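Below is one structure, written out as structure tokens; the observations come after it.
The values are calculated or read from the model by the stated rules, or taken from the named source; none is laboratory data. Keep in mind it's a predicted model, so treat the numbers as computed, not measured. Every residue, glycine as well, gets a Cβ built from its backbone with ideal geometry; the counts of neighbours run over all protein chains shown. Just so you know, the surface numbers come from the protein's heavy atoms only, side chains and all, with ligands and any DNA or RNA stripped out. Shrake-Rupley method; radii C 1.70, N 1.55, O 1.52, S 1.80 Å.
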Amino acid sequence: CAGCPHRATYYVLKKLKLTVSGDIGCYTLGALAPLESVDTTVCMGASVGVALGMEKARGAEQSKKTVAVIGDSTFIHSGITGLIDMVYNNSKGTVIILDNSITGMTGHQHNPTTGFNIKGEPAKQVDLVKLCHAVGVDRVKVCDPFNLKEFEQIVKEEVAADELSVIIAQRPCALLKYVKFGPVLTINQDKCTKCRMCMKLGCPAIVDRGNHIEINPTQCVGCDLCPRVCKFNAIEKAGGQDE
Ligand code: SF4
Ligand code: SF4
């Protein structure tokens, strides 16, 4: 989807050439081109155990090249048990919880992290940071993956760390009704060098016409991610220059 929070996460993981142990959810689509980040997908919750298994089979250095990614609802369903296993087995790995504040793939059901029950009534909300600390993970970082530079720095630090860490990549699903974006963007053809960096995001609104790159205004939601990868400031608000 245009505006998807996971697009930024996978853009960074691919840039860092990490092995990604994936899981079941809308974010499994990160296996597809052009993001091509997810290397394994077995079953719900398996991302964490598979990452731990790789570390134990191939040595601790493997954990410096690997991350597990798992959505918020899948983590609550069956990822937490794997994380406890990582704590118990002295893992130095990194788990990224893709917290989009909803259960995306199956139709936007609430889950214990959203603060509402399955009927949409207010419910006690599981705090992911406190939960990770409670099971023994000392390093827990929270970051909006659309802050690409900060997110990349956090991933580099946590993967390099000699202890287990959890990164909570927190940004709500673009399809949630309360999510509002800015104006539709367009590509200034006078500034565009056709470097195609923006194409690496895989946003369905960005179209390669061969002799030029353009943004389909009927698809763009104005999430403002693509200008962050364009080094030539060629992506602007439609109908006028960027301030
Ligand atoms: S990243 Fe910028 S310069 Fe490169 S193709 Fe996209 S709009 Fe053009
Ligand atoms: S074209 Fe850019 S601003 Fe529009 S939805 Fe795609 S990434 Fe977001």
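Once the 1.4 Å probe is applied to the protein heavy atoms, the chain comes out at 49 Å² accessible per residue. Quick check on the range 129-243: take the gyration tensor over C-alpha atoms, sort the square-rooted eigenvalues as a ≥ b ≥ c, and tell me if it's rounded (a/c under 1.5), prolate or oblate. Prolate. Spin-label model, Lys194 to Glu163: label points 7 Å out along the Cα-to-beta-carbon direction sit 5.2 nm apart. Would the range 80-152 count as rounded, prolate or oblate if I go by the C-alpha gyration tensor, calling it rounded below 1.5 in a/c and otherwise prolate when a/b exceeds b/c, oblate otherwise? Because a/c hits 1.5 or more and a/b fails to exceed b/c, the range 80-152 counts as oblate. By accessible area, using a 1.4 Å probe on protein heavy atoms only, the chain has 55% of its surface on carbon and sulfur. Residues considered: Ile167, Ile118, Ile213. Largest GNM mean-square fluctuation over the chain, using C-alpha springs under 10 Å, is found at Ile118. Average projection, convex hull of the Cα set of the range 6-73: 4.2 square nanometres. Treating each Cα of the range 23-156 as one equal point scatterer and applying the Debye formula with no solvent, the log10 of I(q)/I(0) at q = 0.18 Å⁻¹ comes out as -1.09. Centroid-to-centroid, using Cα positions, the range 147-192 and the range 1-78 are 15 Å apart. Each of Thr19 and Val135 was given a label point 7 Å from its Cα along the Cα-to-Cβ line. The distance between the two points is 2.2 nm. Computed over the chain, the quotient of the alpha carbon radius of gyration and 2.2 N^0.38 Å is 1.05.
When the chain is treated as a GNM with alpha-carbon contacts under 10 Å, the residue of Thr186, Thr106, Thr114 showing the greatest mean-square fluctuation is Thr106. The residue among Thr81, Val137, Leu18 whose Cα reaches farthest toward the positive pole of the charge dipole of the range 5-170, with charges on the beta-carbon of Lys, Arg, Asp and Glu, is Leu18. With a/c under 1.5 counting as rounded, go ahead and sort the range 185-237 into rounded, prolate or oblate using the C-alpha gyration tensor (a ≥ b ≥ c being the square roots of the eigenvalues; past the cut-off, prolate if a/b is larger than b/c, else oblate). Rounded is the answer for the range 185-237, as its axis ratio a/c remains below 1.5. In straight-distance terms, cross-link reach from Lys15 covers every one of the lysines whose alpha-carbon lies under 24 Å from its own, apart from those fewer than eight places away in the same chain; here that gives Lys64, Lys65, Lys92, Lys141, Lys149, Lys156, Lys194, Lys200, Lys231.
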